[in-house]
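Below is one structure, written out as structure tokens, with a few remarks after it.
Values in this text are rule-based calculations from the coordinates and carry no lab data. Just so it is clear, the model here is predicted, and its values are computed rather than measured. Neighbour counts are summed over all protein chains in view; Cβ atoms, including those assigned to glycine, are modelled from backbone coordinates with ideal geometry.
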Amino acid sequence: MKSNHVHYLVAFLLLVGFGLFAYKFFYLKFPLMPEAEVSVWTVEAEVEFTAQGGPAKFTLYLPGAQPDYKVMSECFVSGKYGRVTRGGPRRSEWALQEAKGKQTLFYRVVVGKRGAAGAEEPQVEGKAKKVEYSGIYKIAADALLEDVKAKSADSESLVTELLKRLEGSARRDENVGVFMKPGSSVTAKAATAVNLLRYAGMPARVVSGIALANFKRDVPVFTWIEVFHDGKWNSYNPLTGEVDIANDYLILSQSNNGLYKLIGGKSLVIQVSVSKNQAPALEAVFAQKGASNHLLFDFSALSLPIRAQSVYRLILMVPIVVLILTVFRNFVGVRTYGTFMPALIALAMLNTGLFWGVFLLLWLVALGMGARLYLAKLRLLMVPRIGSLLIIVVILMFLTSVSCNLMGLSGGLNIAFFPMIIITMTIERMSVVWEERGGFESLLQGAGSLVVAVCAYPLITNEFVENLFFVFPELLLPLLAGTVAMGRYSGYRLTELFRFKSLLGG
Amino acid sequence: MSFFKLRSSGILGINSRNADFILKYNPRKFYPLVDNKLLTKRLAQKAGITVPDLLHVVETQRQAKLLPDVLLGFTDFVVKPASGSGGDGILVITEHVKGRYRLSTGELMDKDEMRYHVSNILSGMYSLGGQPDIALVEYRIKFDPIFEKVTFKGVPDIRVIVFLGYPVMSMGRLPTRASSGKANLHQGAVGVGIDIATGVTGRGVLRGETVDEHPDLGNPLAGIRIPEWEKLLVLAAGCYELTGLGYVGVDIAHDATLGPLILELNARPGLNIQLANRTPLLPRLQAIEDLPVRHATAAERVRFAMERFAAPL
């Protein structure tokens with residue numbers, strides 16, 4: 001009866017898992033492959049600041065029309081704040097009469113890449129408003145621009161030359177000093193450059209934006225300037241004057257003020273994160289929201305905030321490694337250190353890569369074993385001994401990262417991804433086994449752990465597999481069914497064929 | 001191909017041992033009785049089963065520090081972790097030599113090393129899951145010379161697999177130079193099959209290969225008759241009632257004066273005994289499982305096993 005129960009459970013898990021999968025795949029048309037059709041990015045900005053007790057107003061500049069991307073949907077989380085979206089430049093204003101303590105606001109936008117045909121004609125319109133100077137500013141601006149024009153052949157070299165002047169010589173050049181103090185921020189420099197260009201009659205604007213990546217948390221926000229000449233908007237880096245903004249940049253703000261403005265608060269932190277999703281899945285989510293299949297969409301991993309999504313992309317790989325581990329231990333009969341040590345090694349290799357992962361692990365364990373050998377001579381009690389070993393492992397990791405960096409080997413930096421507690425316990429146990437059972441046994445188990453991790457690696461780094469489990473997390477149920485079924489497997493292990501060979505032959 | 005061959009041969013594999021026997025017949029709650037040798041010893045003494053005498057117990061680091069003074073009171077003794085497994089952490093001391101200890105392997109150990117070793121035992125270095133442990137000092141068995149010609153400096157013993165109270169298979173475990181005095185097969189000791197019916201040894205196994213002579217001494221392994229064989233089996237079979245464990249490995253050593261003594265019990269006995277006996281376990285286990293009525297006393301069960309499991313000629 002007991003074993004029947006297990007069969008029913010396994011059948012149930014398989015049925016539910018594959019049933020949900022089939023329903024989502026065939027009926028709801030969730031995509032099986034990563035990179036399906038149009039690329040869509042979800043960008044999230046999480047704003048935190050401390051209000052000073054009194055009225056607080058936070059303005060966030062929003063992405064508007066731009067040549068490469070279009071805004072597909074937006075969402076705001078305002079809490080107690082009143083919120084309004086204003087135009088020219090597009091911005092969202094949150095305001096509260098009485099705000100005290102920590103404040104959190106949230107903005108999410110989904111942008112899609114325009115097809116080549118759908119690109120909008122760039123518009124000059126309001127941004128071209130001419131700037132007027134008077135008095136000392138007029139004299140300084142005229143002198144500066146005359147100087148720059150004399151050294152340039154066309155619009156592009158003019159902008160570059162101007163930016164170089166602003167960047168390099170704020171201290172020495174009196175004309176520049178009128179507009180800018182030495183050591184001004186990038187945003188201030190960009191704003192000055194834009195004003196001067198407009199004064200000279202060239203449409204220009206300050207823009208802030210981010211590079212669109214596959215999955216990234218804490219994305220840095222860059223500020224650069226755009227100048228309209230030769231029939232299109234051209235990007236310039238305000239620090240170098242070079243035309244170096246790649247086209248995978250999304251413009252978040254087109255305001256001289258940068259990305260935001262805060263009144264009545266301090267210690268502002270904006271965390272921007274980006275994730276790339278599949279357009280069909282998302283379109284389905286947005287098209288069918290509110291329709292009959294509400295629940296399944298809400299339970300999709302795609303409904304999570306991006307920060308959580310990238311964590312789950314990793315976590316959803318763990319069951320696969322565990323399944324492989326179970327197969328290796330109970331079907332093949334490979335011996336490993338600890339039950340889950342190979343799984344953690346495999347996950348660490350996601351960050352280090354296979355070659356570096358194996359190399360760094362061997363390096364760390366070998367050095368750690370040496371240190372453990374020395375510690376054994378000191379005759380320390382066990383807990384202080386393992387504690388000391390842990391500290392030595394941390395020092396070794398640190399030294400490895402630093403020296404790899406000095407030697408220009410970037411792969412060595414990722415040694416920090418190895419779980420140091422597990423590595424420490426492994427070193428301790430390898431040493432004990434070495435003392436008690438000899439080096440061969442110790443190395444055999446060590447090699448077993450490594451082999452399992454290396455075998456799991458190609459599977460968990462496979463983009464298709466990653467996407468599959470992320471879009472269809474219900475496939476975890478068949479995985480669970482697999483481990484439960486293996487739990488009742490009482491047949492032979494592969495290694496037992498060799499172990500009992502002499503009994504079979506005779 | 002060979003999976004079917006294995007199955008039809010009746011060899012017990014590790015998955016089957018765990019799923020079909022240990023999980024089924026060894027209730028978890030009885031594990032502490034065998035995993036903690038101090039408990040086993042007290043229980044056995046109460047039941048009148050002979051075990052090596054307990055000389056001293058070390059429970060705290062302070063006691064570990066003072067241990068060398070206590071040890072002066074004994075000429076020879078064994079130091080072992082109460083919750084050790086696989087023979088790890090066991091020291092056999094044969095004599096005091098000018099403030100140092102002579103190990104059974106012939107090496108010398110000083111007082112500091114002894115303190116450190118015992119302190120490691122207390123910290124749980126040898127216990128399952130690294131739990132804090134205690135150290136036992138017990139009577140060193142004066143080995144009966146039965147295995148003298150086939151033992152290299154160490155502690156030979158006899159392992160009996162007891163299933164539901166029936167002794168189903170047995171082997172002698174003989175230390176070699178490679179096993180440094182220990183009687184565990186995976187450490188390089190020789191396993192030698194023992195006929196359940198007669199108590200006479202057969203051929204041996206060393207690291208999975210069949211051998212006929214001791215690797216260090218060159219003496220033949222087969223044909224050694226264990227004295228008081230039936231008494232030994234009854235002692236082993238009694239461990240079923242003692243612990244409540246249905247599938248258990250009983251390790252027994254012969255003392256020159258005291259006769260067979262139980263060294264320790266093992267709730268997860270290994271599978272190499274099949275290699276040593278060149279006999280698969282499953283048919284014997286199934287024969288016991290299929291019994292319509294099981295015998296009530298250890299003596300009856302031993303008689304049944306001796307008749308049923310006699311080695312083929």
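For the stretch B:185-313, which semi-axes, largest first and in whole Å, follow from the square roots of 5 times the eigenvalues of its Cα gyration tensor? Whole-Å semi-axes of the equivalent ellipsoid: 25, 17, 15.
Using Cα pairs under 8 angstrom and six or more residues apart, how large is the relative contact order of chain A, in percent? Before the final figure, lay out each step's value.
Values: 783 pairs, mean separation 100.3, N = 506.
It comes to 20 percent, rounded to a whole number.
Taking Cα atoms only, the orientation of helix A:306-315 departs from the longest principal axis of chain A by about 20 degrees. Taking only Cα atoms, what is the 0 to 90° angle, nearest 10, from helix A:135-150's long axis to the longest principal axis of chain A? The angle comes out at about 70 degrees. Among the residues of A:488-497, the average count of other protein chain beta-carbon atoms within 10 Å of the residue beta-carbon is 6.
Taken along its principal axes, the alpha carbon cloud of the stretch A:396-506 reaches lengths of 61, 48, 23 Å, longest axis first.
Largest GNM mean-square fluctuation among B:V57, B:V118, B:V190, using chain B with Cα springs under 10 Å: B:V57. Distance between the modelled labels on A:E93 and B:R308, one decimal in nanometres: 9.3 nm (7 Å Cα→Cβ projection).
Mean shadow of chain B, computed from the convex hull of its alpha carbons, in nm²?
Working: hull surface 64.7 nm².
The Cα convex hull of chain B, projected and averaged over all directions, gives 16.2 nm².
Distances longer than 19 Å among the Cα atoms of the stretch B:89-247: what percent of all pairs is that? The calculated P(r) of the stretch B:89-247 puts 63 percent of pairs beyond 19 Å. Return one number: the angle in degrees, 0 to 90 and rounded to the nearest 10, between the long axis of the Cα atoms of helix A:439-460 and the longest principal axis of the Cα atoms of chain A. With rounding to tens, the tilt is 50 degrees. Per residue, the average separation of C-alpha pairs within less than 8 Å and at least 6 apart gives the stretch B:168-246 a relative contact order of 21 percent. For the stretch B:156-229, what percent of Cα pairs sit more than 22 Å apart? In whole percent, the long-distance tail amounts to 19.
Distance between the modelled labels on B:V211 and A:N405, one decimal in nanometres: 5.5 nm (7 Å Cα→Cβ projection).
When the P(r) is computed for the stretch B:54-138, the part past 21 Å accounts for 21% of the Cα-Cα pairs.
Converting phi to 3J(HN,Hα) with the Karplus coefficients 6.51, -1.76 and 1.60 and the offset θ = phi - 60°, the stretch A:468-481 yields 4, 6, 6, 7, 10, x, 5, 5, 5, 5, x, 4, 4, 4 Hz in sequence order, with x at every glycine or proline.
At a 10 angstrom cut-off on C-beta neighbours, averaged per residue, how do the peptides A:372-384, B:273-285 rank from highest to lowest? Please list the in-between numbers first.
Numbers: A:372-384: 14.2, B:273-285: 22.1.
So the order, starting with the most tightly packed, is B:273-285, A:372-384.
Coupling constants for the stretch B:155-160 follow from the phi torsions by the Karplus curve (6.51 cos²θ - 1.76 cosθ + 1.60, θ = phi - 60°), and in residue order they are 10, x, 8, 10, 9, 10 Hz; glycine and proline get x.
Could you tell me the calculated FRET efficiency between A:I136 and A:V84, based on Cβ-Cβ distance and R0 = 51 angstrom, to the nearest 0.05? Numbers along the way, then the final one.
Details: r = 39 Å, r/R0 = 0.76.
The calculated FRET efficiency here is 0.85.
Putting +1 on Lys and Arg Cβ atoms and -1 on Asp and Glu Cβ atoms, find which of B:H214, B:L164, B:V78 reaches farthest to the positive end of the dipole of chain B. Farthest along the dipole direction, towards plus: B:L164.
D for the stretch A:313-471, whole µm²/s, Stokes-Einstein with Kirkwood Rh over alpha-carbon pairs at 20 °C and 1.002 mPa s: what number?
The calculation lands on 131 µm²/s.
Once the convex hull of all Cα atoms in the stretch A:369-418 is built, its volume per residue stands at 72 Å³. Report relative contact order for the stretch B:54-138 in percent, whole number only (criteria: Cα-Cα under 8 Å, sequence separation at least 6). About 41 percent, as a whole number. Taking label positions 7 Å along the Cα-Cβ direction at both A:V318 and A:K276, the computed distance is 2.7 nm, reported to one decimal.
Computed from the C-beta positions of B:K98 and A:L443, the FRET efficiency with R₀ = 51 Å rounds to 0.85. Eigen-decomposition of the gyration tensor built on the alpha-carbon atoms of the protein assembly as shown gives equivalent ellipsoid semi-axes of 75, 32, 23 angstrom, largest listed first.
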